[in-house]
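Coordinate-derived values only; no laboratory data. All values reported here derive from a predicted model rather than from experimental measurement. When we count neighbours, we look across all protein chains shown, and the Cβ atoms used for this are built from the backbone with ideal geometry, even at glycine.
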Amino acid sequence: MNLRTSKVVKIGGFSHVRAVQMGGNFPVVIQTMWKDPLSFSDLKDPLVEPLVKRIETLGRMGCGLLRFAVPDIQTAEVVGHLAEMVSMPLVADIHFDYKIALRCMDFPIAKIRINPGNIGGREKVSAVLEKAAAGNIPIRIGVNAGSLPQDLRSTPDTAGALVQAAERELAIFDEFGFSACVVSMKASGIADNIRANRILAGRTAVPLHLGVTEAGPLTAGVARSTAALITLLTEGIGDTIRVSLSDSIENEVIAGREILRAASELAAAENTHTGRLGVSGVKLISCPRCGRYGFDTHGFTSRWMPKLYSWQAGQAEHASQAEHASQALDREITVAVMGCEVNGPQEAKHADLGITGAGDKVLIFRHGKVIRIITASEADAAFEEELNNI
């Protein structure tokens, strides 16, 4: 199979904002979108510190880009000032008013999402592209099935309409000589997503942003997103993904990581692995629990999952992003949370660290060998100690 190679677009990399390389042979970038509106009060004590901490934790979990809806000038200024406080590259999502895009680019915003066709006439588009080019700020063309141009809305061929709309927008960029762009074509239908991206991938080298829009709540949304994204990723299509869920941003990032990990396993089995798929850091496995359990896998997993997925950068919390990448992110650690001695050390003997229950005791093991026997009240502290010793 001849896998697609897209052109490379650099996002961020100025001032304190870390650089993200998208496309080419670079790893597929995971991104998410902030769920709530922001105001200037969010940038003041006592709200600003947990806000910044949450964003930086997303980076440690493997999120490469964070997008914000920017419906007005005030929000542009709020998000702009927030971009001055975090190393995470922030993306401003803008519709209709080109002045909002211009104002965002006065700040260290790493990327803009617009549709050239809905922000005004030729002069307004030119103003946005000129300022973006001057600031080395890439732009994502975002085409959704629910907001197609009027003349394409009645067609039964949703995938074809998505491609036509995207190509019209790309033609505008080409007319102005602007090439630092990314394209997304999203629909709620799995087949429409797959077909549209396959078509455009064969016609352009522009990096592609993948995602199923309105995918649903956690379980349904992950299932639908997985079906579409793994199909495309294993064909070499896709340079960044967002798993859109009616759930937390953290769960969107975790789902994105696991989809890339699954795609990596499939691609390796089919000899199409290019190194762009998969993620390092912690791989969490756990048993579903049954009436035989001697350890509360559900409770332990829910407490530890956010910590485990951000642990990969805990070893480099005070290092630079470059050091982080070279020291922490190239390691893959398997952690097993098992319910009883039946599926404990031996079934999870491949795990670098595992925990399970036996009677009134809790066992911690490495590669199938028990290294500590403790009480349930001691489990969290002992597990953290052993995790930090890896």
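Suppose the chain between His81 and Gln150 were pulled fully straight at 0.36 nm per residue; how much longer would it get relative to their current alpha carbon spacing?
21.2 nm
Give the order of Ile55, Ile109, Ile141, Ile73 when sorted by the count of other beta carbons within 10 angstrom, beginning with the fewest.
Placing the least packed residue first, the sequence is Ile73, Ile55, Ile141, Ile109.
Under a Cβ-Cβ cut-off of 10 Å, what is the net charge of the residues other than Gly216 that fall near it, where Lys and Arg count +1 and Asp and Glu count -1?
-1
Stretched out fully, how many nm does the piece from Glu270 to Arg292 gain, at 0.36 nm a residue minus the Cα gap?
4.1 nm
Return the calculated 222 nm mean residue ellipticity for the chain, to the nearest 500 deg cm²/dmol, obtained by summing -39500 (n - 2.57) across DSSP H runs with n ≥ 4 and dividing by the residue count.
Per the formula, -11500 deg cm²/dmol.
Kindly put Asp192, Asp380, Asp45 in sequence by how many other C-beta atoms sit within 10 Å of each C-beta, fewest to most.
Asp45, Asp380, Asp192
Among Arg289, Arg276, rank each residue by its count of other Cβ atoms within 10 Å, from fewest to most, as a rough exposure measure.
Going from sparsest to densest Cβ surroundings: Arg289, Arg276.
In nanometres, what is the gap between the two model label sites at Val8 and Asp157, each 7 Å from Cα along Cα-to-Cβ?
Roughly 3.6 nm, to one decimal.
Springs between alpha-carbon atoms under 10 Å, Gaussian network over the chain: tell me which of Ile139, Ile119, Ile11 tops the mean-square fluctuations.
So, out of Ile139, Ile119, Ile11, the one fluctuating most is Ile119.
Straight-line reach from Lys111: which lysines have a Cα under 24 Å away, not including same-chain ones fewer than 8 places off?
Lys7, Lys10, Lys35, Lys53, Lys99, Lys124, Lys131, Lys186
Before anything else, pin down the relative contact order of the chain: Cα pairs under 8 Å, at least 6 apart, normalised by residue count, whole percent.
Relative contact order comes out at 13 percent.
Which net charge results when you count Lys and Arg as +1 and Asp and Glu as -1 among the other residues whose beta-carbon is under 15 Å from that of Glu123?
+1
Using semi-axes √(5λ) of the Cα gyration tensor in Å as the read-out, say which of (1) 46, 23, 18; (2) 40, 24, 18; (3) 43, 24, 21 was calculated from these coordinates.
The value matching this structure is (2).
If you count the DSSP beta bridges with both ends in the chain, what percent of them are antiparallel, to the nearest 5?
The antiparallel fraction comes to roughly 25 percent.
Which FRET efficiency value, to the nearest 0.05, do you get for Ser377 and Gln74 by plugging their Cβ-Cβ distance into 1/(1 + (r/R0)^6) with R0 = 45 Å?
Plugging the Cβ-Cβ distance into 1/(1 + (r/R0)^6) gives 0.35.
Kindly write out, for the stretch 172-185 in residue order, the coupling ³J(HN,Hα) from the Karplus curve 6.51 cos²θ - 1.76 cosθ + 1.60 (θ = phi - 60°), rounded to whole Hz, with x marking Gly and Pro.
5, 4, 4, 4, 9, x, 9, 10, 7, 9, 10, 10, 10, 10
What's the center-to-center distance, using Cα atoms, between the stretch 158-234 and the stretch 345-390 in Å?
Going from one Cα centre to the other spans 43 Å.
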